[in-house]
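So the structure is just underneath, and the comments pick up after that.
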Amino acid sequence: MAKINLLPWRENLRQQRQQMFLALVAVTAIAAALLVFLANQTMNSLISGQEDRNDYLRAEIRKLEDDIQRIENLERVRDNLVARKDVIERLQSNRSLMVHLFNQLAQTVPEGITLDSVRQASSELTIEGTSESETRVSEYMRLMESAEWLHEPTLRIVEQTPREDRPGQPYRFELKVRIASPDSQEEEI
């Protein structure tokens, strides 16, 4: 019988399989490297896109913060202007108050009364003076009640103190009265 050596055929098959395996490993390694590279590029692209969006949002937030700061500045300016306008309106409404006040004081002082001092604190006048009698002070208060610009007279002091510089006026008095325009008095009622 003839001997057939199948050894080289098997050896060749084994070498082919080994080459196939090595080629398959190389292709798999290349495919894995390519897959890792693509995944890395995709992730970098996603991260870059998110960073771009974050930068855009930060820029918009800065713009909004600047707008908010400008709005706050404008509100402060508006508040200052409103306060100035209110002061001007108050001054304008009270512009003629002193003229009316001095006119009313001159018209309401009866004979026999001398005013020594008139002090104003806010809308309240404190009037000090001397009088011939207590009835003159009462008359003076009645005249103040009927005045348009003087309201609610309140007597604080009436005392008899003889003075050498005013021998005919032995009574010293102090009274308080509220100043207000006739319009504001009607609004309160």
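Note down all Cβ pairs under 8 Å where the first residue falls in segment 137-155 and is assigned by TED's automatic domain parsing to the domain that holds D116 and over 16 Å from E174 (Cα atoms), the second is part of a strand (DSSP E or B) and aliphatic (A, V, I, L, M), and they're at least six residues apart or on different chains.
Close Cβ pairs (under 8 Å, with a partner that is part of a strand (DSSP E or B) and aliphatic (A, V, I, L, M)) amount to W149/I179.
Does V87 satisfy the condition of being within 30 Å of G129 (Cβ to Cβ) and either at pLDDT below 95 or exposed (fewer than 10 other Cβ atoms within 10 Å of the Cβ) (or both)? If you could, list the steps in order and put the result at the bottom.
Numbers: within 30 Å of G129 (Cβ to Cβ): no; either at pLDDT below 95 or exposed (fewer than 10 other Cβ atoms within 10 Å of the Cβ) (or both): yes.
Considered against the rule, which asks whether it is within 30 Å of G129 (Cβ to Cβ) and either at pLDDT below 95 or exposed (fewer than 10 other Cβ atoms within 10 Å of the Cβ) (or both), V87 comes out as no.
When only residues in segment 60-92 that are over 17 Å from the mean Cα position of the chain (by Cα) and among the acidic types (D, E) count, which is nearest to S181 (Cα to Cα)?
Within segment 60-92, the subset over 17 Å from the mean Cα position of the chain (by Cα) is 60-66, 87-92.
Narrowing the set further to residues that are among the acidic types (D, E) leaves 60, 65-66, 89.
Working: E60: 55, E65: 48, D66: 47, E89: 15 Å.
Per the stated criteria, the residue is E89.
Which residues, counting only those in segment 64-115, are closer than 21 Å to L150 by Cβ and basic (K, R)?
Scanning segment 64-115 gives R90, R95.
Out of the residues in segment 108-145 meeting the condition of being in contact with a helix residue (DSSP H, G or I) (Cβ under 8 Å, 6 or more places away or on another chain) and in a helix (DSSP H, G or I), tell me which one is surrounded by the fewest Cβ atoms within 10 Å (Cβ to Cβ).
L143
Do we find a residue being touching a residue at least 40 places away in the same chain (Cβ under 8 Å), small (G, A, S) and closer than 30 Å to F173 by Cβ anywhere in segment 98-111?
No, the conditions are met nowhere in segment 98-111.
The values are calculated or read from the model by the stated rules, or taken from the named source; none is laboratory data. On a predicted model such as this, the values are computed, not experimentally measured, just so you know. Don't worry about glycine lacking a Cβ; one is built from the backbone with ideal geometry, like all the others, and counts go over all protein chains shown.
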